[in-house]
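Engineer: Please read through the structure below; I'll follow up with questions.
The values are calculated or read from the model by the stated rules, or taken from the named source; none is laboratory data. What you see is a predicted model; the values in this text were computed from it and never measured. FYI the Cβ positions are ideal-geometry reconstructions off the backbone, even for glycines, and counts take in every protein chain you see.
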Amino acid sequence: MTLSTPSWHRGLRSLVWPVAALALLLAFNAAFMPGFFALEARDGRLYGVLVDILNHGSRTALVALGMTLVIATGGVDLSVGAVAAIAGAVTATLLVEAQVAWPLAIAEAVAIGACCGLWNGLCVSVFKLQPIVATLVLMVAGRGVAQLITGGSIITFESAPVSAIGNSAFLGLPIPVTMLALAAVGLHLLVRRSAMGLYIECVGDNPVAARLAGIPDRAVMMTVYGLCGVLAAVAGVIECSYIKAADANNAGALLELDAILAVVIGGTALSGGRFSFAGTIVGAMLMQTLTKTLYMHDVSAEIAPAPKALVVIVVCLLQAPRVRAWMAGLWSRGGAA
Amino acid sequence: MKLHRWVSLTPVLATCVLLVGLFAFGAASYPNFASVAVVRNLLVDNAFLVVAAIGMTFVIISGGIDLSVGAVMAFSATLAASLVEAHGLHPLAAAAVVLAVGVAFGLAQGVLIAMLDVPPFMVTLAGMFLARGAAFAVHPQSRGVTHPFVATTLNETLSLHLPIGARGVVIPPTVVVMFVLLALAWVLLRHVRFGRAVYAVGDDASAARLMGLAVRRIKIGAYALCGCTSAIAGLLFALYQQSGDPASCKGMELDVIAAVIIGGTLLKGGAGSVLGTFAGVMILGLIQTIISFQGDLSSWWTRIVAGGLVLVFLLLHRGIAVMAGRVARLA
């Protein structure tokens, strides 16, 4: 890839593989799963398998957007599941025990998510801990904190506006889809219409060089991890609104894995540097479609992770420089012969 | 050289002080805490964790990380229980099969990491998914083990009866296995070429390569070893629980990593010891014991305290590294 390649061209090229995989999966479902594409409009909103994938995929994609930025700086955030659990626990507890108005409850949950993210950023940028471990601390302790907030029980709440987030529609589509669209556009404007995106890619590409070039690497890290915490908290609020309850033990389970997978499938390299929001969203939808497909083929929720893992390994292999070099070698030899 | 020893020893010393301090705190705060029974239970309840942490110590010293440990343990326990109960295999034969599968799994992860340069946490995260799914594919529910060899021979005949205290103390074979493996791992890490090479690779992989060490092979060896100890830990867990449950050991990898870090092994690799890891597991166990003795604290405090301790130790390691850097620059 040369420097002269225009950025939009680069972006499109990185999208080819995830989109092709998603199309392949959808084609497979179209062929073998009657009713997969059936849509039904009732009470001004759409119902169907695809809508369900969009709904749940949007929640994963929201987290994955934040994860994209974190991974672009060369880090990773393992604590998003725990932060989502904390956010859900805070929302439910405030609604039920403190009788707080719902906007305030959600705002507080998101603010706490931001604090968790900033804490991660502090550990990574100022204390110079490895991101995997710094966020592992919050992943371990965070779930304990969430259980502490809920007192270990599942807190159910009756709040029409909050449960509407996960269970009603805007413009015919579930509300999380709108939230994802807003977040994606907002983040795009933030990082691509300012120097932020360039800073993030510089820090991820070569932190020492970025620092020497005068990029405020600590501020970049703090912002990125803070944003990731905010988005994880939003996902936590969506999750607790789906079931009208906060389950500190299970909320956000495996969320970190799905989010990381979405980012990697979307073409953002784990080593940091260049990133793509569009790829990440396609990746999240691909993961959700795969999950749904497996469920519809009677693969139990417990076994479903295994085929997902195989997909991840294949994607990682395709991205590995050695495999790429080997395949390029095969290609040129085949072409010459 | 002196400085290097000081850097690698301080965290281990801090660990030992913490272990003794915690025990002293428990003994001073609660009656009956300083008893043989508490120590015995500490060993019995954490034997499998120590074994899993041994392999993790090797991987972390080599500069990597293995997130698949908990899932591999659950898979091993489920596979062993199924082979014995559903397929009529002798428990020893089943154990051999499980060990072979564990080593093969670790080997495959190591090859992906070392040969294809895929980041360790990504490969082992996928490995975690794969092993967990495979465990449920083997048998979707918990399966009790009632084979007479396991129930009587292993758990009764082979248990050690030590004449300590009024009624004596029964030590199950899991604890014996733990101590044997601990001793083997200590020798392997201190006095065998492979172990010394693991330190070298973790400290500086390119320097190790220039020294003529087979860096890739050593990394693969560390992951294969971790797969092996995870499988053994799964077997011990099945023995401890008398069953194989595919849903068990969730998040166990975090406990194991926490124990290794608290045990003074540096996460960037190159320094650490299995004895420190043993102390780390015991510290986590002691915290759990103290919380249960306290009675009015909920079990989730264990996780919060464990997370806090990991952070303190990480900062301690970081502080030592910064100080060492300053001293080196002055010299």
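Engineer: Out of (1) closer than 20 Å to B:Tyr240 by Cβ; (2) within 14 Å of chain A (Cβ to nearest Cβ); (3) surrounded by fewer than 22 Cβ atoms within 10 Å (Cβ to Cβ); (4) not β-branched (Val, Ile, Thr), what's the single condition that is false for B:Ala135?
Structural biologist: Checking B:Ala135 against (1) closer than 20 Å to B:Tyr240 by Cβ; (2) within 14 Å of chain A (Cβ to nearest Cβ); (3) surrounded by fewer than 22 Cβ atoms within 10 Å (Cβ to Cβ); (4) not β-branched (Val, Ile, Thr), the one that fails is (3).
Engineer: Next question. Just wondering, is there one or more residues in the range A:168-176 that are at pLDDT 85 or above and in a helix (DSSP H, G or I)?
Structural biologist: There is at least one residue in the range A:168-176 that is at pLDDT 85 or above and in a helix (DSSP H, G or I).
Engineer: Further, regarding this structure: In the range B:233-254, how many are closer than 16 Å to B:Gly127 by Cα and surrounded by 24 or more Cβ atoms within 10 Å (Cβ to Cβ)?
Structural biologist: Summing the residues that are closer than 16 Å to B:Gly127 by Cα and surrounded by 24 or more Cβ atoms within 10 Å (Cβ to Cβ) in the range B:233-254 gives 4.
Engineer: Of the numbered conditions (1) polar (S, T, N, Q); (2) in contact (Cβ under 8 Å) with a residue 12 or more places away in the chain; (3) surrounded by fewer than 24 Cβ atoms within 10 Å (Cβ to Cβ), B:Ser230 satisfies every one except a single condition; which is it?
Structural biologist: Tallying (1) polar (S, T, N, Q); (2) in contact (Cβ under 8 Å) with a residue 12 or more places away in the chain; (3) surrounded by fewer than 24 Cβ atoms within 10 Å (Cβ to Cβ), B:Ser230 fails exactly one: (3).
Engineer: Considering only residues that are in contact with a Phe, Trp or Tyr (Cβ under 9 Å, 6 or more places away or on another chain), touching a residue at least 24 places away in the same chain (Cβ under 8 Å) and more than 14 Å from every other protein chain (Cβ to nearest Cβ), which ones fall in the range A:128-170?
Structural biologist: Once the filter is applied, which keeps residues that are in contact with a Phe, Trp or Tyr (Cβ under 9 Å, 6 or more places away or on another chain), touching a residue at least 24 places away in the same chain (Cβ under 8 Å) and more than 14 Å from every other protein chain (Cβ to nearest Cβ), the range A:128-170 yields A:Ser159, A:Pro161, A:Val162, A:Ser163, A:Ile165, A:Gly166, A:Asn167.
Engineer: Please find, among A:Glu256, A:Glu239, the residue that is crowded, with 24+ Cβ neighbours inside 10 Å, acidic (Asp, Glu) and farther than 19 Å from A:Val311 by Cα. Full working, then the answer.
Structural biologist: Details: A:Glu256 fails: farther than 19 Å from A:Val311 by Cα.
After ruling out the rest, the residue left standing is A:Glu239.
Engineer: With respect to B:Gly64, determine if the residue is of a type outside the set (Phe, Trp, Tyr) and either within 17 Å of B:Met128 (Cβ to Cβ) or in contact (Cβ under 8 Å) with a residue 24 or more places away in the chain (or both). First the steps, then the outcome.
Structural biologist: Numbers: of a type outside the set (Phe, Trp, Tyr): yes; either within 17 Å of B:Met128 (Cβ to Cβ) or in contact (Cβ under 8 Å) with a residue 24 or more places away in the chain (or both): yes.
Against the criterion (of a type outside the set (Phe, Trp, Tyr) and either within 17 Å of B:Met128 (Cβ to Cβ) or in contact (Cβ under 8 Å) with a residue 24 or more places away in the chain (or both)), B:Gly64 qualifies.
Engineer: Still on this structure: Going by what's in this entry, would A:Gly214 be described as small (Gly, Ala, Ser), surrounded by fewer than 24 Cβ atoms within 10 Å (Cβ to Cβ), in contact (Cβ under 8 Å) with a residue 12 or more places away in the chain and closer than 25 Å to A:Gln130 by Cβ?
Structural biologist: Working: small (Gly, Ala, Ser): yes; surrounded by fewer than 24 Cβ atoms within 10 Å (Cβ to Cβ): yes; in contact (Cβ under 8 Å) with a residue 12 or more places away in the chain: no; closer than 25 Å to A:Gln130 by Cβ: yes.
In short, no.
Engineer: I've got another one for you. What number of residues within the range A:125-138 are surrounded by 24 or more Cβ atoms within 10 Å (Cβ to Cβ) and within 18 Å of A:Ala253 (Cα to Cα)?
Structural biologist: 4
Engineer: Shifting gears a bit: Quick one: which of A:Thr93, A:Thr135 is part of a helix (DSSP H, G or I) and over 22 Å from A:Asp77 (Cα atoms)? If you could, list the steps in order and put the result at the bottom.
Structural biologist: On the way: A:Thr135 fails: over 22 Å from A:Asp77 (Cα atoms).
Going through A:Thr93, A:Thr135 in turn, just one is part of a helix (DSSP H, G or I) and over 22 Å from A:Asp77 (Cα atoms): A:Thr93.
Engineer: Considering the range A:147-167 alone, what residues qualify as being of a type outside the set (Ser, Thr, Tyr), surrounded by fewer than 19 Cβ atoms within 10 Å (Cβ to Cβ) and part of a helix (DSSP H, G or I)? Step through it out loud before you land on a result.
Structural biologist: Initial filter on the range A:147-167 (of a type outside the set (Ser, Thr, Tyr)): A:147-149, A:151-152, A:154-155, A:157-158, A:160-162, A:164-167.
Checking which are surrounded by fewer than 19 Cβ atoms within 10 Å (Cβ to Cβ) leaves us with A:148, A:151-152, A:154, A:158, A:160-161, A:164, A:167.
Correct list: A:Leu148, A:Ala160, A:Pro161, A:Ala164, A:Asn167.
Engineer: Within the range B:20-43, does at least one residue satisfy the condition of being farther than 19 Å from B:Phe179 by Cα and modelled with pLDDT of 95 or more? Give the derivation first.
Structural biologist: Filtering the range B:20-43 for residues farther than 19 Å from B:Phe179 by Cα gives B:20-35.
If we keep only those that are modelled with pLDDT of 95 or more too, we end up with none.
No, that holds for no residue.
Engineer: Anything in the range A:76-124 that is crowded, with 24+ Cβ neighbours inside 10 Å, within 17 Å of A:Met222 (Cβ to Cβ) and either within 14 Å of another protein chain (Cβ to nearest Cβ) or in contact with a Phe, Trp or Tyr (Cβ under 9 Å, 6 or more places away or on another chain) (or both)? List them, or say none.
Structural biologist: Hits for the range A:76-124 are A:Val76, A:Asp77, A:Ser79, A:Val80, A:Val83, A:Cys116, A:Gly117, A:Asn120, A:Gly121, A:Cys123, A:Val124.
Engineer: Additional query: Please specify each residue of the range A:203-221 satisfying the condition of being of a type in the set (A, V, I, L, M) and in a loop (DSSP other than H, G, I, E, B). Before the answer, list the steps.
Structural biologist: Of the range A:203-221, the ones of a type in the set (A, V, I, L, M) are A:203, A:208-210, A:212-213, A:215, A:219-221.
Residues satisfying the conditions are A:Ala213, A:Ile215.
Engineer: Go through (1) in contact (Cβ under 8 Å) with a residue 24 or more places away in the chain; (2) out of contact with any Lys or Arg (no Cβ under 6 Å at 6 or more places or on another chain) and name the single condition B:Val215 misses.
Structural biologist: So the condition that B:Val215 fails would be (2).
Engineer: Going through A:Leu104, A:Leu180 one at a time, which residue ends up being over 30 Å from B:Met122 (Cβ atoms), at pLDDT 90 or above and part of a helix (DSSP H, G or I)? Walk me through it before giving the result.
Structural biologist: Working: A:Leu180 fails: over 30 Å from B:Met122 (Cβ atoms).
When all the criteria are applied, what remains is A:Leu104.
Engineer: What about B:Met122, is it aliphatic (A, V, I, L, M) and at the interface with another protein chain (Cβ under 7 Å from one of its Cβ atoms)?
Structural biologist: On the way: aliphatic (A, V, I, L, M): yes; at the interface with another protein chain (Cβ under 7 Å from one of its Cβ atoms): yes.
Spelling it out, B:Met122 is indeed aliphatic (A, V, I, L, M) and at the interface with another protein chain (Cβ under 7 Å from one of its Cβ atoms).
Engineer: Quick check on my filter: what residues within the range A:222-268 are within 14 Å of chain B (Cβ to nearest Cβ), in a helix (DSSP H, G or I) and more than 12 Å from the chain's Cα centre (by Cα)?
Structural biologist: none
Engineer: Right, something else. Given (1) under 29 Å from A:Val203 (Cβ atoms); (2) more than 12 Å from chain B (Cβ to nearest Cβ), where does A:Thr293 come up short, assuming only one miss?
Structural biologist: The single condition A:Thr293 does not satisfy is (1).
Here is a yes/no grid of residues against (1) more than 8 Å from chain A (Cβ to nearest Cβ); (2) surrounded by fewer than 17 Cβ atoms within 10 Å (Cβ to Cβ); (3) farther than 21 Å from B:Met252 by Cβ; (4) out of contact with any strand residue (DSSP E or B) (no Cβ under 7 Å at 6 or more places or on another chain):
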{"site": "B:Val98", "(1), (2), (3), (4)": "yes, no, no, yes"}
{"site": "B:Val101", "(1), (2), (3), (4)": "yes, no, no, yes"}
{"site": "B:Phe105", "(1), (2), (3), (4)": "yes, no, no, yes"}
{"site": "B:Met115", "(1), (2), (3), (4)": "no, yes, yes, yes"}
{"site": "B:Pro140", "(1), (2), (3), (4)": "no, yes, no, yes"}
{"site": "B:Arg143", "(1), (2), (3), (4)": "yes, no, no, no"}
{"site": "B:Ala151", "(1), (2), (3), (4)": "yes, yes, yes, yes"}
{"site": "B:Asn155", "(1), (2), (3), (4)": "yes, no, yes, yes"}
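Engineer: Filter the helices (runs of 4 or more DSSP H) completely within the range B:178-294 down to those with at least 3 residues that are within 14 Å of chain A (Cβ to nearest Cβ) and not acidic (Asp, Glu).
Structural biologist: Details: elements: B:193-203, B:205-210, B:215-241, B:252-262, B:274-294.
In the range B:178-294, the matching helices (runs of 4 or more DSSP H) lie at B:252-262, B:274-294.
Engineer: Next question, about the same structure. Could you list, in sequence order, the residues of the range A:303-331 that are of a type in the set (A, V, I, L, M), over 25 Å from B:Ala74 (Cα atoms) and more than 7 Å from every other protein chain (Cβ to nearest Cβ)? If you could, list the steps in order and put the result at the bottom.
Structural biologist: Our first condition is that a residue be of a type in the set (A, V, I, L, M); within the range A:303-331, this holds for A:303-304, A:306, A:309-315, A:317-318, A:320, A:323, A:325, A:327-328, A:330.
Imposing the further condition that a residue be over 25 Å from B:Ala74 (Cα atoms) reduces the set to A:315, A:317-318, A:320, A:323, A:325, A:327-328, A:330.
The answer is A:Val315, A:Leu318, A:Ala325, A:Met327, A:Ala328, A:Leu330.
Engineer: Among the candidates A:Ser271, A:Ser300, single out the residue that is within 13 Å of another protein chain (Cβ to nearest Cβ), of a type in the set (Ser, Thr, Tyr) and within 15 Å of B:Phe121 (Cα to Cα). Explain how you work it out, then say what you get.
Structural biologist: Working: A:Ser300 fails: within 15 Å of B:Phe121 (Cα to Cα).
Every option except A:Ser271 fails the conditions.
Engineer: Give just the number: which of (1) under 26 Å from A:Leu95 (Cβ atoms); (2) away from chain B (no Cβ under 14 Å); (3) surrounded by fewer than 24 Cβ atoms within 10 Å (Cβ to Cβ); (4) in contact (Cβ under 8 Å) with a residue 24 or more places away in the chain does A:Ile175 not satisfy?
Structural biologist: (4)
Engineer: Another question, if that's okay. List the residue pairs whose Cβ atoms are under 7 Å apart, where the first residue sits in the range A:254-277 and is without any contact (Cβ under 8 Å) to a residue 12 or more places away in the chain and within 27 Å of B:Ala71 (Cα to Cα), the second is among the polar types (S, T, N, Q) and assigned to a helix (DSSP H, G or I), and the two are 6 or more positions apart or on different chains.
Structural biologist: As it stands, the answer is none, since no pair meets every condition given.
Engineer: Another question, if that's okay. Of (1) modelled with pLDDT of 80 or more; (2) within 21 Å of the chain's Cα centre (by Cα); (3) assigned to a helix (DSSP H, G or I), B:Leu316 satisfies all except one. Which?
Structural biologist: Checking B:Leu316 against (1) modelled with pLDDT of 80 or more; (2) within 21 Å of the chain's Cα centre (by Cα); (3) assigned to a helix (DSSP H, G or I), the one that fails is (2).
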